[in-house]
1. Say whether the condition of being in a loop (DSSP other than H, G, I, E, B), modelled with pLDDT of 95 or more and farther than 18 Å from A:Glu50 by Cβ is met by at least one residue in segment A:153-176.
2. Considering only residues that are of a type in the set (Asp, Glu) and farther than 24 Å from A:Glu73 by Cβ, which ones fall in segment B:249-308?
3. Mind checking which residues of segment B:231-253 are more than 14 Å from chain A (Cβ to nearest Cβ), among the aliphatic types (A, V, I, L, M) and either surrounded by fewer than 21 Cβ atoms within 10 Å (Cβ to Cβ) or in contact with an Asp or Glu (Cβ under 8 Å, 6 or more places away or on another chain) (or both)?
4. Spot the failing condition for B:Lys82; the list is (1) away from every other protein chain (no Cβ under 11 Å); (2) surrounded by fewer than 17 Cβ atoms within 10 Å (Cβ to Cβ); (3) out of contact with any strand residue (DSSP E or B) (no Cβ under 7 Å at 6 or more places or on another chain), and only one is missed.
5. With respect to the numbered conditions (1) assigned to a strand (DSSP E or B); (2) touching a strand residue (DSSP E or B) at 6+ places or on another chain (Cβ under 8 Å), which one is the sole condition not fulfilled by A:Val143?
6. For B:Lys296, indicate whether it is closer than 30 Å to A:Ser145 by Cα and either surrounded by 20 or more Cβ atoms within 10 Å (Cβ to Cβ) or not hydrophobic (A, V, I, L, M, F, W, C) (or both).
7. Assess whether A:Thr93 counts as being farther than 30 Å from B:Ala40 by Cβ, modelled with pLDDT of 95 or more and within 10 Å of chain B (Cβ to nearest Cβ).
8. Would you check which residues across segment A:111-140 are in a loop (DSSP other than H, G, I, E, B) and more than 7 Å from chain B (Cβ to nearest Cβ) and list them?
Amino acid sequence: MSSKINKLPGIKLKEKEMYSLIGLVEDMPQAKYDFAAGTTISKFLEGLKEGKILGRKCPKCGRIFVPPRSYCEWCHVATNEWIEVPQTGEIHTAVITYISTKREKIERPEVVGTIKLDVPGYRDGEYEFAGLFHKICVDPQDVISGKAIGMKVKVRWKPKEERKGNILDIECFEPL
Amino acid sequence: MRSNIFMKDRVAIVGAGITTFMRRALETPRELAWEAAKMALDSAGLTLSDIDCVVIGSAPDTFDGMHLKGEYLGDGSGAINKPMTRVYVGGGTGVFVPESAYWHVASGVCKKVLVVAEEKMSPAHPHPQYVFKYIWDPIIERPLGPNLLWIFAMEMRRYMAKCGAKKEDIALVSVKNKRNALDHPAALTAANITVDDVLKSETLVWPVNLLDVSPVTDGAAALIMTSENVAREITDSPVWVDGIGFTLENQHWYNRELAFPRYLNYAARMAYKMAGIERPWKEIDVAEPYDPFDYKELHHIEGLMLARPCEAWKLVREGYFDRNGELPTSPSGGLLGVGNPIAAAGLMKVAELFWQLRYEAGKRQVKKPVHKAVANAWGDLMQAGTVIVLSN
């Protein structure tokens, strides 16, 4: 489309027009999936059930991975040691969600973000760190003001009898 | 980064085509591909029989609701009984398609390549957003009920915290791009808006509001890429591909700094090195940084080294990136203004640079003289960086 061409191909439809089109076919995939958690994440989830956060250490570079991996993605060697890591850390980033996965409005906005855990094996200010993506139980106002970023937090566990060995065994991260 | 590439042929872009970008198109995906491909061929004065190979780009199959979309798009894209490649790196696809075409030509395997990118997002409903659920890790991410906007909001929030930028500074990018798009005939969301309009639009995932985001879009774009000898026969004003770069970042996005896009920086260094560009902030005349969100353009300007880390938001306030500014960015109107049919949007950006470098962009032509240009796209969980450097 140089300046010489003014009319471009394409026929626009309004929402109503689209859903009353001749030949419109509606279809929905009915595939159901059961995902195995894998060799290391299975053990990590077991740890959550017991109220522990488990990492996996690379014998070559010394990084401790949380969530754990069976191999070090940097050295490409097998990790070989389980390490229970501190349940504290700081908020790397946090946001307030007003919509669901399906983009519907949700009634009570939720705070989610990433937590940089207090795990050794990383240089200060290194681009990579051990940490988790989870819900954060802080006042949304602190997210807006910026107070939440860098805030020290710890794990809030679900009551032991409710834990199932999945990521939701952690209820959220809450201020220390 | 060492790029160990031995080129047989220099590569040129000699034609481009695009459809209107629409919220809902009547055309099927393959019809959209056909329209763009035909326009690109016509613009280069070629017919399908001149074409040796076809490269197709399309992002997740789940949007169009068709698996094996490369094969599906084949006939409309003119690929029947020709060597065809489909590439896919999420949102990074749009710039990865001409990169793939580049190595088809540079290797000497093909002389004339038809490059087509298409996306039709409207079939998925109630909202295509739901399709994005399937890019998250099923074990440790999906149970939290994530929405794709979360990750952008997290990145934007981190950028704001680290760089001291405010929402109103970032909103200026949306204002600029939607205004630029008023001059683009394909545009879906061109508008004269204010920073206030952005701040007052619906809050989706704070800090992201509705007008911080590019729209759901249907559309297609296409290019013709050839070897140097062929290009010189076809046109007096070929646009050269001087460098390409593409790298993949770690998928464990929660284990890294989100304020600076390393996924892009490595790809940019690769492309600049190939293009012999040492100081991109001085040598690049016009850029199309990938802007599915307004902060993302700033993020990418910094990753492309067109501004220092954390400084792009200050420059946007000074009008530095306006169409008549020092270093115009997204003169097309970008994804925020023209629209975001994922793979086609990235290719639209490369097409814009093609028109800019040929001084054919009409009202969108930037004020300063242009010699070198760069476009990028990004895809997946802050992972795939794709960069292309062009010159005239």
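1. no
2. Keep residues of segment B:249-308 that are of a type in the set (Asp, Glu), which gives B:249, B:257, B:278, B:283, B:285, B:288, B:291, B:294, B:297, B:302.
The answer is B:Glu278, B:Glu283, B:Asp285, B:Glu288, B:Asp291, B:Asp294, B:Glu297, B:Glu302.
3. B:Ile234, B:Ile244
4. With (1) away from every other protein chain (no Cβ under 11 Å); (2) surrounded by fewer than 17 Cβ atoms within 10 Å (Cβ to Cβ); (3) out of contact with any strand residue (DSSP E or B) (no Cβ under 7 Å at 6 or more places or on another chain) applied to B:Lys82, the lone miss is (3).
5. All conditions are met except number (1).
6. On the way: closer than 30 Å to A:Ser145 by Cα: yes; either surrounded by 20 or more Cβ atoms within 10 Å (Cβ to Cβ) or not hydrophobic (A, V, I, L, M, F, W, C) (or both): yes.
Answer is yes for this residue.
7. Details: farther than 30 Å from B:Ala40 by Cβ: yes; modelled with pLDDT of 95 or more: yes; within 10 Å of chain B (Cβ to nearest Cβ): yes.
Considered against the rule, which asks whether it is farther than 30 Å from B:Ala40 by Cβ, modelled with pLDDT of 95 or more and within 10 Å of chain B (Cβ to nearest Cβ), A:Thr93 comes out as yes.
8. First, the residues of segment A:111-140 that are in a loop (DSSP other than H, G, I, E, B): A:118-127, A:129-130, A:137-139.
Hits for segment A:111-140 are A:Asp118, A:Val119, A:Pro120, A:Gly121, A:Tyr122, A:Arg123, A:Asp124, A:Gly125, A:Glu126, A:Cys137, A:Val138, A:Asp139.
The values are calculated or read from the model by the stated rules, or taken from the named source; none is laboratory data. Keep in mind the model is a prediction, meaning the values are calculated, not measured. Reconstructed Cβ throughout: ideal geometry from the backbone, glycine too, with neighbour counts over all protein chains shown.
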